[in-house]
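Encoded as structure tokens, the structure appears first; notes follow it.
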Amino acid sequence: MAGEVTGAEGEKVRTLEQLLATREIVISCGSGGVGKTTTAASAAAMAATHLGGRVLVLTVDPARRLATALGLEQFGNVETRVPDSAFAEAGVTPRGELWAAMLDTKQSWDDLVRRHAPDEATRRAILSNSIYRNISARFVQSHDYIAMERLYEIHSSGTYDLIVVDTPPTRNAIDFLDAPERMADFFSSKLLRWLTAPSKSRVMSAASKPFYTVADRILGSQFLEDIAEFFGLFQAMAPGFVDRAEAVSKVLADRRTTFIVVSTLEAAPLHEAEFFIDTLEERRLHLGALVLNKVLPAYLRRTSTTGVAKRLVADPSAAAAALGDLSDIGAAADVARVLATVGESFLNYQVVAKREAEQRASLSRSPDVVAAVPYFESDIADLAGLLALGEQIWH
């Protein structure tokens, strides 16, 4: 899936609109603080507005700012529809529906157990097991795995035409991608077979006896038995876990799935973005778009503006005189100094803008679409703001 994407008529995809029109799952990735959640929400809002159908934005990153931006008081594991009134307040009439959900790790695990436990007795035993309650609520790897499980479940239901996933920060997102394979490996591991073996077998094993003796002294035999009971119960679900993990991996590599990497052009997040782009290429997962936030405006790079800034720096008094009587603002010398500073600052920003353009050019070799988002004067806090951002990356 590393090759370029084509639309319905065979033309190369050149815009985010074309990309989303050809996909069913879009996974937004990036380091923290680069606007990843906002970008995912704006892409979903634009798709619901212009492409139609049922669109879901699913946030795996446990942050509630998405609810605020979408005009929802709260939302969780169950998908919640963004009301048409929210779009009306933003001045648009959507062609489709926008839905939102935020992963609730514990609830998702409970739902998974209820669906796939072989019988009612096993179901009750797992849900009441103290080890299960701790793992499902706190264990980081369980969060990563259940996120993929939830995505697979929603996609398989066929309820939505497009699912946009907002992931945790980049290197955690790699865990997110690896989670199905790690879960499958665990259920096939020697450690699980040892944990689920009868306690006498573990104690009598010459290889395991030293470990068991130390573990029993530190943790207590009851704790070890609770662990053994938990994994014994889960062993009945192991084949299903392995099968679904393989199915999830296939979905990620499917032509219907694409990734959007979000970054700024600052050194640290850009390094993270490059790392993730390389990872996607290594795994032959499709990189559909690169979205660069807080990019300086193009006019800074124009030759004509360079001449204006240089004249302000070279002869600020002449520039001040050309503006006419500014005595109500301040003394002529002070106005000249301000103009000189403005000109110098402009030239400095121009250097940065040219450097950004070079960075963007070097990054544009991999994705089908590269979109730049300028600085916004205020924080994006509502659906109108999300759509305004979306306009910057859509066409």
Of all residues in the stretch 239-269 being under 15 Å from the mean Cα position of the chain (by Cα) and not in a strand (DSSP E or B), the one that is surrounded by the most Cβ atoms within 10 Å (Cβ to Cβ): Pro269
message: Please count how many residues of the stretch 113-132 are surrounded by 15 or more Cβ atoms within 10 Å (Cβ to Cβ) and either without any contact (Cβ under 8 Å) to a residue 40 or more places away in the chain or charged (D, E, K, R) (or both).
response: 2
field: Check on Ile154, under 30 Å from Ala47 (Cβ atoms) and either touching a strand residue (DSSP E or B) at 6+ places or on another chain (Cβ under 7 Å) or among the hydroxyl-bearing types (Ser, Thr, Tyr) (or both)
entry: yes
query: Is the stretch 308-320 home to any residue that is surrounded by 14 or more Cβ atoms within 10 Å (Cβ to Cβ), in the same structural domain as Ser128 (by TED's automatic domain parsing), in a helix (DSSP H, G or I) and touching a residue at least 24 places away in the same chain (Cβ under 8 Å)?
result: no
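Among the residues of the stretch 361-382, is there at least one that is of a type in the set (Ser, Thr, Tyr), in contact with a helix residue (DSSP H, G or I) (Cβ under 7 Å, 6 or more places away or on another chain) and either part of a helix (DSSP H, G or I) or assigned by TED's automatic domain parsing to the domain that holds Glu266 (or both)?
Taking every residue of the stretch 361-382 in turn, none turns out to be of a type in the set (Ser, Thr, Tyr), in contact with a helix residue (DSSP H, G or I) (Cβ under 7 Å, 6 or more places away or on another chain) and either part of a helix (DSSP H, G or I) or assigned by TED's automatic domain parsing to the domain that holds Glu266 (or both).
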statement: Of the listed residues (Asp334, Asp325), the one being exposed (fewer than 14 other Cβ atoms within 10 Å of the Cβ) and outside any helix (DSSP H, G or I) is Asp325
task: Test Gly158 against the stated conditions and say whether it is among the small types (Gly, Ala, Ser), farther than 19 Å from Cys29 by Cβ and either touching a residue at least 24 places away in the same chain (Cβ under 8 Å) or outside the structural domain of Ala253 (by TED's automatic domain parsing) (or both).
output: no
- line: Inside the stretch 54-98, the number of residues satisfying the requirement of being buried (at least 22 other Cβ atoms within 10 Å of the Cβ) and closer than 16 Å to Ile25 by Cα is 7
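The values are calculated or read from the model by the stated rules, or taken from the named source; none is laboratory data. Keep in mind the model is a prediction, meaning the values are calculated, not measured. Neighbour counts run over all protein chains shown; Cβ positions are idealised from the backbone, glycine included.
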